[in-house]
Amino acid sequence: MEEKHLTCIGCPMGCQLTVTMENGEVKEVTGNTCKRGDVYARKEVTDPTRIVTSSVKVNGGKIPMVSVKTKNDIPKGMIFEICKALTDVEVNAPVNIGDVVVPNVCGTGVDVIATKSIPAA
Amino acid sequence: MQSYDLVIIGGGPAGLAAAVSARDNGIESILIIERDHELGGILNQCIHNGFGLHTFKEELTGPEYAQRFIDQVKERNIEYKLNTMVMDISDKKVVTAMNRTDGMFEIQAKAVILAMGCRERSRGALNIPGYRPAGIFSAGTAQRLVNIEGYMPGKKVVILGSGDIGLIMARRMTLEGAEVKVVAELMPYSGGLKRNIVQCLDDFGIPLKLSHTVVDIEGKERVEGITIAEVGPDMKPIPGTEEHYECDTLLLSCGLLPENELSKTAGVSLSPITSGPVVNDSLETSVEGIFACGNVLHVHDLVDFVSEEAKNAGINAAKYIKEGKKVAEKEIKINPTGGVRYTVPVSIRPKEMDDSVTVRFRVGQVFKNSYVAMYYGDTQVLKRKKQIMAPGEMEQVIIKKEELNNYPDISEITVKIEAE
């Protein structure tokens, strides 16, 4: 038996959740006031994921940086690795919203795409 | 002098949504005036996701959310002027503006929508002692530097204030390689969303110190260190609780203030609580034909609510342009009390109002297991249980015309928080 402690993000209550795990499986969630806490806790302890957003350099664009995001959720544990991989990325203007900036970032199978259009200067 | 039916001051989320809705309600002659070099306002630098859950039922980043509305403005061929600063609005709705191509010029508008947004509370407004070295930024300035201009403001960071922009920047600076040492918050609760506290601070092990403030800034040329201390119930630092942090940067995320210098030139009455215009149910200010929406009216928590409010401002401005001013038969004041700090709007015209009007408000402290109550005169018409209400989140009640007109003799509507 293992216990994990989380703060629910469903609403400003911020319920302190306790998840009881056994052999990697969720046995019980306590401390939640509503269903959302239960759903959040189960996902967060078994498969925590995030969208990563950042910005990368644009050459010859109207502004020097373009904002980007992972098109889908990536494992939470890979946030730093993905940000690091984006540090030296440069793209050339024009950039269109939705353009793939880095395909299959860090082998996640998820593309990093532009979230803004940058016309050429 | 040029003339337009509707001039909208500001091309951020409020101005864009107001323009789209005014056009969809039959107004052809519209001009949006924007001081930046592109439309979209502050959303352009809010590159994180979480926008649009209410409006589009999906999670977008700020620039993506802005683009949806920019596309709608462009599809409708609504005119806009970029790099243009409005200097003055008269009570006769003459807008004076300037830019590098046209110089100074005047526009006569039939109606004006104020959509200038808000700005951050600066160090000068916070009375923090110490020297004035480089390395002190508002969180929003740091956000612009990192996300749009590609500069890192510093390497070791202390953040004062736990507003959402500060929390977002704690994560952003961390991911770009900076060390964020602590977030200090004067109040005993955070003004930011719970989601941001967990995903921007807890995820990265950044401590949040509630009831703490900055008592000293060290360094003459550049920030070299920050001292924070715990504050008592009187908000004064408690001697002996000082903690020192070595750092090169201090970010300030200490609240937002509606930007109403232009509203004042037009003679618009402002609320001392929101610092935004006083408006009735049509979002019209004290000056006929001048409407307000978005963060210039009151600071919102979610952009989705800005878009919704701006849509109403557009509808009402269109109605005014087409039908002219109708003097309200009766106007009922909304009285915020018992923990409700303010309401927007502040009054309702029972005859002229839309079928339903959303009244938004904020509470002044954290309330648990309490009720939002509304009274028409002395009669309670709403009692809704809320497990939690916090100053950082906007609340709302809805006033229905049909229901309100069952109470023809009342002079006041009350919105308050009740324990039982």
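The values are calculated or read from the model by the stated rules, or taken from the named source; none is laboratory data. Because the structure is predicted, anything quoted here is derived from the model rather than measured. Methodologically, a virtual Cβ is constructed for each residue, glycine included, from the backbone with ideal geometry; neighbour enumeration extends over all protein chains shown.
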Look through A:I63, A:I82, A:I74 and report the one residue that is more than 21 Å from B:R171 (Cα to Cα), among the hydrophobic types (A, V, I, L, M, F, W, C), in contact with a helix residue (DSSP H, G or I) (Cβ under 7 Å, 6 or more places away or on another chain) and outside the structural domain of A:T7 (by TED's automatic domain parsing).
-> A:I63
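Find the strands (runs of 3 or more DSSP E) located wholly in the stretch B:371-420 whose residues include 3 or more that are more than 30 Å from B:S253 (Cα to Cα) and either within 14 Å of another protein chain (Cβ to nearest Cβ) or of a type in the set (D, E, K, R) (or both), and list them.
B:379-389
Would you point out the residue of the stretch B:94-126, among those that are touching a Gly at 6+ places or on another chain (Cβ under 6 Å) and of a type outside the set (D, E), that is surrounded by the most Cβ atoms within 10 Å (Cβ to Cβ)?
B:A115
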Only one residue in B:S21, B:S29 is farther than 26 Å from B:I148 by Cα, surrounded by fewer than 19 Cβ atoms within 10 Å (Cβ to Cβ), of a type in the set (G, A, S) and away from chain A (no Cβ under 14 Å). Which one?
-> B:S29
Odd one out for A:E25 among (1) touching a strand residue (DSSP E or B) at 6+ places or on another chain (Cβ under 6 Å); (2) more than 12 Å from chain B (Cβ to nearest Cβ) = (1)
Looking across the stretch B:179-236 at residues that are within 13 Å of another protein chain (Cβ to nearest Cβ) and touching a residue at least 60 places away in the same chain (Cβ under 8 Å), the single one that is surrounded by the fewest Cβ atoms within 10 Å (Cβ to Cβ) is B:Y189
For B:S307, all conditions in the list (1) of a type outside the set (D, E, K, R); (2) closer than 30 Å to B:I47 by Cα; (3) modelled with pLDDT under 95 hold save one; what is the number of the exception?
-> (3)
Can you tell me which residues in the stretch B:38-79 are outside any helix (DSSP H, G or I), within 13 Å of chain A (Cβ to nearest Cβ) and not acidic (D, E)?
-> B:L39, B:G40, B:C46, B:I47, B:H48, B:N49, B:G50, B:F51, B:G52, B:L53, B:L60, B:T61
Extreme residue, nearest to A:G109 (Cα to Cα), among residues of the stretch A:69-98 that are of a type in the set (A, V, I, L, M) and out of contact with any Asp or Glu (no Cβ under 9 Å at 6 or more places or on another chain) = A:I74
Is there a residue in the stretch A:50-58 that is within 11 Å of chain B (Cβ to nearest Cβ), in a strand (DSSP E or B), surrounded by fewer than 19 Cβ atoms within 10 Å (Cβ to Cβ) and modelled with pLDDT under 95?
-> yes
With the condition kept exactly as written, say whether any residue in the stretch B:139-156 is away from chain A (no Cβ under 14 Å), at pLDDT below 95 and in a loop (DSSP other than H, G, I, E, B).
-> no
Residues A:D73, A:D88, A:D111, A:D99: which one is closer than 30 Å to B:I388 by Cβ and not small (G, A, S)?
-> A:D73
